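Only one structure is covered here, and it is reproduced in the block below.
The values are calculated or read from the model by the stated rules, or taken from the named source; none is laboratory data. Remember, it's a predicted structure, so these values are computed and weren't measured experimentally. Ideal geometry is used to build each Cβ from the backbone, glycine not excepted, and the neighbour counts take in all protein chains shown.
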Amino acid sequence: MVANTNTGLQGLRIVSFESRRAQEIGELIRRYGGEAVIAPSMREIPLSQNSAAIDFLRQLEAGKIDIVIFLTGVGTRALVEAVASEYPRETLAAALGACHACSARSQAGCGVKGTGITAGHQRP
């Protein structure tokens, strides 16, 4: 193993909100001399235990949500999967059609393409 001479982060405390690769990011920060503070921004739970997604759809169907913004393809696909047992894609698409659905990227880049969901507004 080659000794590491990279000290570009020496003396700095670096906070990482990475969830999936938290351990690797922490090691990378330490490798460059920084002090890693790992605070994952999300906690992954099994889809079968994701009651928040079902609650979201109930509120959406009741007309209590005006705008939905899809930021990532992973999140969009996770939503579709999480509610699939109670909300087939057609039902989800209809509920989203009653509000303003937006994507922060292209529909393909946000995972909307292929789900039956149409984002009416996209960031240019």
Taking segment 6-28 only, how many residues are at pLDDT 85 or above and over 25 Å from T72 (Cα atoms)? 7
Quick one: in segment 19-63, which of the residues that are closer than 30 Å to T91 by Cβ and of a type in the set (D, E, K, R) is farthest from the chain's Cα centre (by Cα)? E61
Selection over segment 76-116 where residues are of a type in the set (V, I, T), at pLDDT 75 or above and in contact with a helix residue (DSSP H, G or I) (Cβ under 6 Å, 6 or more places away or on another chain) yields a count of 1
Out of (1) within 30 Å of L12 (Cβ to Cβ); (2) surrounded by 11 or more Cβ atoms within 10 Å (Cβ to Cβ); (3) out of contact with any strand residue (DSSP E or B) (no Cβ under 8 Å at 6 or more places or on another chain), the odd one out for I38 is which? (3)
Which members of segment 28-70 meet the condition of being free of Cβ contacts under 8 Å to residues at least 12 places away in the same chain and in a loop (DSSP other than H, G, I, E, B)? I45, P46, A62, K64
